[in-house]
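Take a look at the structure set out below.
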Amino acid sequence: MPLYEFECIKCRNNIDKTLKELEKKITKKSVLDLVNKYENINAIEVVDLVNNKIVAKAGKNAKEAIFMDFYLNEGNTLVLINLRNYRFSELIYVSEDEKNVKCACGEKKNIEKVISTFSFTSDLSTDMPTPDLSNLPPSVRAQTSVGEYIEEKDRPKKNR
């Protein structure tokens with residue numbers, strides 16, 4: 001009875017389309033139009049990191065939703081998107097069950113099985129990897145620090 005992870009291609013494509021539109025033009029109206037256009041997006045906030053101010057904001061954050069952050073304009077613009085998660089897990093008992101998998105948006109056909117991140121971190125007896133900050137824009141990287149503290153629940157059993 002394996003646990004598989006899936007992604008809704010339609011919902012993921014909505015995020016890609018939103019980012020392409022925001023690369024062209026960022027106004028309060030364009031951000032509001034994007035929130036209204038895509039049902040899986042609850043809210044969008046665009047922040048100018050150079051001037052440290054909100055450029056545009058629309059929609060309402062939902063409790064059950066997740067936040068995704070993206071950087072545009074060579075890392076000078078932060079886009080925070082509050083959306084219904086398009087990645088989900090399902091227990092598959094028999095291969096026929098995989099045909100019945102559906103996203104929260106109702107999509108059943110455009111669902112893709114993806115590699116589970118959980119399966120790569122099941123062995124907690126080794127040292128936990130540190131985040132790679134090299135892909136962050138320099139201005140954001142300079143304001144980010146990673147501490148050495150590991151929560152009790154995440155420590156290997158032999159070190160408790």
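A few comments on the model shown:
- Projecting the Cα positions of Asn40, Val55, Asn82 onto the charge dipole of segment 7-87 (unit charges on Cβ atoms of Lys, Arg, Asp and Glu, taken about the Cα centre) puts Asn40 furthest along the positive direction.
- When only Cα pairs below 8 angstrom with a gap of at least 6 residues are kept, segment 18-64 shows a relative contact order of 35 percent.
- Relative exposure of Val101, Val46, judged by other C-beta atoms within 10 Å (fewest first): Val101, Val46
- Applying the criteria of a DSSP loop state and at most 14 other Cβ atoms within 10 Å to the chymotrypsin sites (Phe, Trp or Tyr not before Pro) of segment 3-38 yields no site.
- Residue order for Thr144, Thr18, Thr27, fewest other beta carbons within 10 angstrom first, comes to Thr144, Thr27, Thr18.
- Charging the Cβ of each Asp and Glu at -1 and of each Lys and Arg at +1, and nothing else, the dipole of segment 7-87 about its Cα centre rounds to 280 debye.
- Taking amide H atoms as placed 1.01 Å from N in the peptide plane, the amide H of Ala56 lies under 5 Å from those of Val46, each 5 or more residues away in sequence or on another chain.
- Put the Cα centre of segment 69-83 next to the Cα centre of segment 1-28 and the gap is 13 Å.
- Under the Debye formula (equal points on every Cα, no solvent term), log10 I(q)/I(0) of segment 1-115 at q = 0.17, 0.18, 0.24 Å⁻¹: -0.82, -0.88, -1.30
- Straight-line cross-link partners of Lys17 among the lysines, defined as a Cα under 26 Å from its Cα and at least 8 positions apart when in the same chain: Lys25, Lys28, Lys29, Lys37, Lys53, Lys57, Lys60, Lys63, Lys102, Lys108, Lys109, Lys113.
Bear in mind that the values in this text are calculations on the coordinates, not laboratory data. Because the structure is predicted, anything quoted here is derived from the model rather than measured. Positions of Cβ are backbone-derived with ideal geometry, glycine not excepted, and every protein chain shown enters the neighbour counts.
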